[in-house]
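The values are calculated or read from the model by the stated rules, or taken from the named source; none is laboratory data. This is a predicted model, so every value here is computed, not measured. Cβ sites come from the backbone with ideal geometry, for glycine too, and all protein chains shown count toward neighbours. Protein only, heavy atoms only, side chains kept; ligands, DNA and RNA dropped before computing areas. Shrake-Rupley method; radii C 1.70, N 1.55, O 1.52, S 1.80 Å.
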Amino acid sequence: MTVAIEKPALSSAAAKFLQKEHKLLIDGRWVAAKSGETFPVEDPATEETIAHVPGGDKADIDLAVAAARRAFETGPWSRISPGERSKIVWRLGDLLERYGDELAELEALDNGKPVTNARRGDVEGSIDMFHYMAGWATRLNGETIQVSSPGNWHAYTVREPVGVVGQIIPWNFPLMMAAWKLAPALAAGCTIVLKPAEQTPLTALRLGELVQEAGVPDGVVNIVTGFGETAGAALAEHPDVDKIAFTGSTEVGRLIVKASAGNLKRVSLELGGKSPAIVFPDADLDLAIVGTAAAIFYNQGQCCTAGSRLFAHKSVYDRIVSGVVEEAGKLKVGHGLDPTVNLGPLVSKEQHERVTGYIQAGHGEGAEVVVGGKTGNGHGYFVEPTVLAKTNRDMRVVREEIFGPVVCVQSFDDEDLDSVAKFANDTEYGLQASVWTRNLKVAHMMARKIKAGTICINTHNYGDPAWPFGGYKQSGWGREMGKEVMEHYTETKSVAARL
Ligand code: ADP
């Protein structure tokens, strides 16, 4: 595979941030980890160390939670009006807009993703999230309730912020995951301890600066960089955290649930997926080819919604496979900072080993590697966009989440929609599915039959701040975005008055 290895220079703003001595944000101050530990941050395209960040652990989490508790119980955040809160959350969106190019560069460098996608996808998506969620701050109304008890009653509900929230996020969309978590929690009036992924802490730290610039009071947002087993675990089990919001692997999701049992904190989970993309014979095939290829290759396949199981009706199977192969061939692989690159490296060595291991396993189990399968021949965690054909339900590559640019294609010849849905539902996950057809009845009947939290018709990897997002089955608990996410960050209090 040819990899465009040239690494363009950073803008002076991004370079300046990178050179800083990075600290934790606790109670409005930038501080070193109590232990004094730091760990290196790597550019996955070159394997060079680009920064060091504090290795926060339980001691730092304790301080951050205490600061968040103080800010929640006695700080200005609990007294500020919803309108003021809304303005601050909106301002954060504006600041992301102002520093969007710098944030996109930092994201491309830290995660490996193409800078063009980081700017158009991650940064824009984060701006939209803050702006959308700003509106919820002034709309968290209760209801008056008609009760049937004898006598005269005035019964009503109020929505109150859930309290101190721990947020643990992954490395695939570092800034956007921080925005998805912070924006609704801030709008609801919660205070927060955010732990970014150890692989990609940089944009969260830059966001911490913007949180301060936006005028968020001290202690309301605390950011602790560190490892999952130390900082993450300490946050998940902390007795003074009221709620944990987690995005990551299903395996760690289970650990979060266990850790939360001590004080029965509220938990929301956005976990793995093995999403089907189903192409019916009447689909607009040009659209389906481009769409299903993007469904798996976007972000190097490191999307929890990635369309990793591609089902094509047998009458269009050959056309779809050759079309997706052709799309794979068009992708320019290289350093994410190069604006002409479409596919960067995977995020880490561990991820590279995992994905290449799956490709080998698939080959060993009889899948045909139609295109791809190779890795870079120099530095960097590059993997070619890969199409595995002749796959079947018993293969590990079809059952398990690969989290890389690897699609498993299968054909079907059933006309009966229940049978087609059975293939789609033959997974322990249920995050997203896409249906490619021109037939409205087929599209919406399939939407009903598929057990997944999000269904896309003639698109994939769709998202919008107003569109609830989350999974059925082992893809998670609860929904992010839309009005549904506000349920996670508020408690309902019922009040009954005998008149
Ligand atoms: P991946 O396997 O794709 O790296 P993870 O689910 O391990 O994804 O990571 C997602 C987030 O969960 C990261 O911020 C990571 O540090 C954190 N994490 C990992 N292990 C734990 C744990 N035992 N407790 C709490 N958080 C964890």
Selected residue [open to solvent by less than 60 Å² (accessible area, probe 1.4 Å) and part of a strand (DSSP E or B)] from ILE50, ILE61: ILE50
Residue among GLU102, GLU84, GLU42, GLU97 that is farther than 19 Å from LEU194 by Cα and part of a strand (DSSP E or B): GLU42
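Residues checked against (1) open to solvent by 30 Å² or more (accessible area, probe 1.4 Å); (2) more than 21 Å from GLY100 (Cβ to Cβ); (3) at pLDDT 95 or above:
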residue: ALA13; (1), (2), (3): yes, no, yes
residue: LYS20; (1), (2), (3): yes, no, yes
residue: GLY28; (1), (2), (3): no, yes, yes
residue: PHE39; (1), (2), (3): no, yes, yes
residue: ASP43; (1), (2), (3): no, no, yes
Number of the condition not met by LEU207 [criteria: (1) assigned to a helix (DSSP H, G or I); (2) buried (at least 24 other Cβ atoms within 10 Å of the Cβ); (3) within 12 Å of the ligand (Cβ to nearest atom)]: (3)
Cross-chain or 6+ apart pairs with Cβ under 8 Å, the stretch 358-375 first and assigned by TED's automatic domain parsing to the domain that holds SER322, then open to solvent by 60 Å² or more (accessible area, probe 1.4 Å) and not in a loop (DSSP other than H, G, I, E, B): TYR358/ARG396; ALA361/ARG396; GLY362/ARG396; GLU365/ARG396; VAL369/HIS363; VAL371/GLY329; GLY373/HIS363
Index of the failed condition, VAL193 passing every other in (1) over 18 Å from ASP27 (Cβ atoms); (2) β-branched (Val, Ile, Thr); (3) crowded, with 21+ Cβ neighbours inside 10 Å: (1)
Search result, residues across the stretch 457-499 that are surrounded by 13 or more Cβ atoms within 10 Å (Cβ to Cβ), more than 14 Å from the chain's Cα centre (by Cα) and among the hydroxyl-bearing types (Ser, Thr, Tyr): THR459, TYR472, TYR489, THR490
One residue from ILE26, ILE80, ILE61 being under 30 Å from ALA134 (Cα atoms) and touching a His at 6+ places or on another chain (Cβ under 9 Å): ILE61
Qualifying positions in the stretch 158-179 - without any contact (Cβ under 8 Å) to a residue 60 or more places away in the chain and within 8 Å of the chain's Cα centre (by Cα): MET176
Test: residue in the stretch 389-406 that is modelled with pLDDT of 95 or more, surrounded by fewer than 16 Cβ atoms within 10 Å (Cβ to Cβ) and more than 24 Å from ARG354 (Cα to Cα): no
Members of the stretch 346-355 that are in contact (Cβ under 8 Å) with a residue 40 or more places away in the chain, closer than 16 Å to PHE297 by Cα and open to solvent by 10 Å² or more (accessible area, probe 1.4 Å): GLN351
ASP414 vs. criteria modelled with pLDDT under 95, outside the structural domain of VAL267 (by TED's automatic domain parsing) and in contact with a helix residue (DSSP H, G or I) (Cβ under 9 Å, 6 or more places away or on another chain): yes
Residues of the stretch 423-452 classified as farther than 23 Å from PHE403 by Cα and open to solvent by 50 Å² or more (accessible area, probe 1.4 Å), total: 8
Of all residues making up the stretch 308-330, the number that are in contact (Cβ under 8 Å) with a residue 12 or more places away in the chain and open to solvent by 50 Å² or more (accessible area, probe 1.4 Å): 6
Residue count for the stretch 59-87, restricted to those that are modelled with pLDDT of 95 or more and closer than 27 Å to GLY232 by Cβ: 15
GLY262 being among the small types (Gly, Ala, Ser) and in contact (Cβ under 8 Å) with a residue 40 or more places away in the chain: no
Residues of the stretch 452-477 satisfying the condition of being within 15 Å of GLY273 (Cα to Cα) and touching a helix residue (DSSP H, G or I) at 6+ places or on another chain (Cβ under 9 Å): ALA452, GLY453, ILE455, CYS456, HIS460, ASN461, PHE469, GLY470, GLN474, SER475, GLY476, TRP477
Selected residue (only one of VAL407, VAL485 is of a type in the set (Val, Ile, Thr) and outside the structural domain of ALA188 (by TED's automatic domain parsing)): VAL407
Identity of the residue in the stretch 98-110, among the acidic types (Asp, Glu) and more than 20 Å from the chain's Cα centre (by Cα), that ends up most open to solvent (accessible area, probe 1.4 Å): ASP101
